[in-house]
Amino acid sequence: MVKEKKKRLTTVDIVLMAILAIVNGVAMTYIAMLNQMLTAVGGPILTSITLGLYSISGVLAAYIIRKPGAAFFTLTLAAVIQILSGNPNGLVSFVAGVTDGLGAELGYFLFRYKRWDWVSTALAGLFAVPIWFVVASFWFGYYKWGWLILVIAFGVRCLSGIVLSGWLSKAIGDLLVKTDILKGFQIAKDYKAGRMDTIDTNYRA
């Protein structure tokens, strides 16, 4: 029972998720506008450079909170915020948030939410890419550009997911925990215990 309680999202966790979702949701509305211009200029390849930023709130939330569901719920809420803040992509933004969230969760789930390092965050950022890429290819007509461009665009998005979503989230989380403003979150407890980048023993089976 104690272990199960530690896995549940607390009110403080939800507040942090909401803050990150709001910041990311509003910011991504403007990034979406930028991406429309990038798409017009360079198609799916150029617009793929910034895609990792879309899932950063979820990957970061999970890295700080270190509990199942944090990435998914944060990105889903961020998608709702995007719609409310006037994202030009409309309801498709919600689909993007859900698929990104599921992918990010998978990255951490592979390690049973025990491993929190450069590898797990990279995979969380990476796995946030594929499902939405398939949807976007048809929704925005990327498939018309041909297989070669699609493969290159997919590679760029994967790299963006790893760097701008995964590794940037870890870098931000590591920086914030050292300022002592993340008291009460699992990352702070792991940091004080000297095991922030290793297996979290609280969740061992």
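Go through the stretch 110-128 and give me each residue that's farther than 16 Å from Arg195 by Cβ and open to solvent by less than 20 Å² (accessible area, probe 1.4 Å).
Ala122, Ala124, Gly125, Ala128, listed by residue number.
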Determine the pairs where a residue that is under 8 Å from Trp116 (Cβ atoms), located within the stretch 184-205, has a partner that is at pLDDT below 85 with Cβ atoms under 7 Å apart, the partner being 6 or more residues away or on another chain.
Ile187/Met196; Asp190/Met196; Asp190/Asp200
Among the residues in the stretch 73-85, are any open to solvent by 10 Å² or more (accessible area, probe 1.4 Å) and over 18 Å from the mean Cα position of the chain (by Cα)?
yes
What pairs come up if the first residue lies in the stretch 22-39 and is over 17 Å from Asp100 (Cβ atoms) and open to solvent by less than 70 Å² (accessible area, probe 1.4 Å), the second is in a helix (DSSP H, G or I) and at pLDDT 80 or above, and their beta carbons are under 6 Å apart, counting only those six or more places apart or on different chains?
Leu38/Leu46; Leu38/Thr47; Thr39/Thr47
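So which residues in the stretch 139-163 are open to solvent by 50 Å² or more (accessible area, probe 1.4 Å) and within 18 Å of Ser120 (Cβ to Cβ)?
Leu159, Val163
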When the residues of the stretch 40-64 are narrowed to those that are surrounded by 17 or more Cβ atoms within 10 Å (Cβ to Cβ) and of a type in the set (Val, Ile, Thr), which ends up farthest from the chain's Cα centre (by Cα)?
Ile45
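The values are calculated or read from the model by the stated rules, or taken from the named source; none is laboratory data. None of the values given here were measured: they were computed from a predicted structure. Because the Cβ atoms are built from the backbone with ideal geometry, glycine has one as well, and the counts that use them run over all protein chains shown. Ligands, DNA and RNA are stripped out before the accessible areas are found, and what is left, the full protein with its side chains, is counted by its heavy atoms. Shrake-Rupley method; radii C 1.70, N 1.55, O 1.52, S 1.80 Å.
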